[in-house]
Amino acid sequence: MHSITRFLFFLTLAVLLAACSPSSGEVEIIDPWTPEAPPGRMMAGFMQIDNHRADEIVLVDAESPQFGHVEIHTMVMEDGVMRMRRLEELRIPAGQTAMLEPGGLHIMLIEPLDDYPAGSLLDIELITGDGERIKLQSEVRPRTRPGG
Ligand SMILES: [Cu+2]
């Protein structure tokens, strides 16, 4: 290759790689799921959130068209008992991961507007302090029985 051709080739390659790399600013939602709950009861949203951005993201709220009310919750120990608490801000530093899993952080899906048996898909939007909406679909899965 002529040097100018080679230069343009590598320049194009570099631009393509930059556009595809996770550092181009993606927030990745991995394996969002929700345990099945009795009809009418509130449900929980679990997932892994990877912040591939160069900046911290701050989640301040969440919404779902399938629930009357949605909150971000954490678990805290109070008088020797684990209790759920609403979290005003869920901060995920640049390059870091937040795990929302049973016994810890979760999205609390309150006031279901319908029944959502296993196999249902729940539309959830995570809302940042900047008003950005991160959309995801959480799959309702059968509750696994202890020991079963
Ligand atoms: Cu909760």
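Some notes on this structure:
- A dipole drawn for the range 22-141 from +1 and -1 charges on Cβ atoms has a positive end, and of 45, 96, 64 the residue lying farthest that way is 45.
- Taking Lys and Arg as +1 and Asp and Glu as -1, the other residues whose beta-carbon sits under 11 Å from that of residue 135 total -3.
- Relative to the compact-globule estimate of 2.2 N^0.38 Å, the Cα radius of gyration of the range 22-141 comes out at 1.05.
- Annotation: peptides 32-44, 92-104, 76-88, 57-69, ranked by per-residue average of other Cβ atoms within 10 Å with the highest first, follow the order 57-69, 32-44, 92-104, 76-88.
- Using the Cβ-Cβ distance between residue 113 and residue 36 with R0 set to 22 Å, the FRET efficiency works out to roughly 0.85.
Here, each number is a calculation from the coordinates, and none is a lab measurement. Small disclaimer: the values here were computed from a predicted structure and weren't measured. In this analysis, Cβ positions are derived from the backbone assuming ideal geometry, glycine residues included, and neighbour counts consider all displayed protein chains.
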